[in-house]
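**Student:** Next up is a structure, given as structure tokens.
The values are calculated or read from the model by the stated rules, or taken from the named source; none is laboratory data. From a predicted model like this one, the values you see are computed outputs, not experimental measurements. When the accessible area is computed, the model is the full protein with side chains, heavy atoms only, and any ligands, DNA or RNA have been set aside. Shrake-Rupley method; radii C 1.70, N 1.55, O 1.52, S 1.80 Å.
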Amino acid sequence: MTERIKKNSRKMFVAGFAVSLSVLAVMMAFSQKQQPQAPPRELVLVAKEMVFRDTAQPNLINPTLVLKRSQPVKLVVRNEEPGPVLHCFIIGGLEVKTSHSLSPGESEALAFTPSQKGRFAYACLMHPGMSGRILVE
């Protein structure tokens, strides 16, 4: 038996090494899948008086929104116009937009995860003065 081990030691080493690599690869794959995803950052933009306002900074008109690449975002767009004014919302370059024009009192939650860094524009396509920037870091 000792001679058989000596004779086949190289094959046994290679086979053991291959099995170890396979186990390591499976363990790494599972550990990556099990990492919890970051909770979405929640923002609320209110459309009122023909501008957008972030509820966290209500004094800023059409504020620049700073987001992080790969961090999920839940952006709620809410139309609070007192009269019969419709609004929509779109982010150019990120493929994010409301599904329809929002009537007064209506809101829509937009969920997305920016996958690239850069500067992007958001706007209500119905009203040229309702536009701002998004900076993805």
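**Student:** Whole-Hz Karplus ³J(HN,Hα) for the range 74-80, in order, using 6.51 cos²θ - 1.76 cosθ + 1.60 and θ = phi - 60°, x for Gly and Pro?
**Tutor:** Once θ is set to phi - 60°, the couplings for the range 74-80 become 10, 10, 9, 10, 10, 8, 10 Hz.
**Student:** Same structure again: Taking 0.36 nm per intervening residue step and subtracting the Cα-Cα distance, what contour gain separates Glu108 from Thr55 on full extension?
**Tutor:** 17.6 nm
**Student:** Now, a different point. Sort Lys117, Lys48 by accessible area with a 1.4 Å probe, largest first. Present the calculation step by step, with values, prior to reporting the outcome.
**Tutor:** Working: Lys117 135, Lys48 85 Å².
Order by accessible area, largest first: Lys117, Lys48.
**Student:** Let me ask you something else. How long are the semi-axes of the equivalent ellipsoid of the range 59-132, taking √(5λ) for every eigenvalue λ of the Cα gyration tensor, in whole Å from largest down?
**Tutor:** 22, 13, 11
**Student:** Check Leu102: other-chain or 5+ apart residues with amide H under 5 Å from its amide H, H built from backbone geometry?
**Tutor:** Under 5 Å from the amide H of Leu102 lie the amide H atoms of His87, Cys88, each far enough along the sequence or on another chain.
**Student:** To continue, here is another question. Where a ≥ b ≥ c are the square roots of the eigenvalues of the C-alpha gyration tensor, would you call the range 91-137 rounded, which needs a/c under 1.5, or, failing that, prolate if a/b is larger than b/c, or oblate? Mind dumping the intermediate values first?
**Tutor:** Numbers: a/c = 2.66, a/b = 1.52, b/c = 1.74.
Here the range 91-137 falls in the oblate category.
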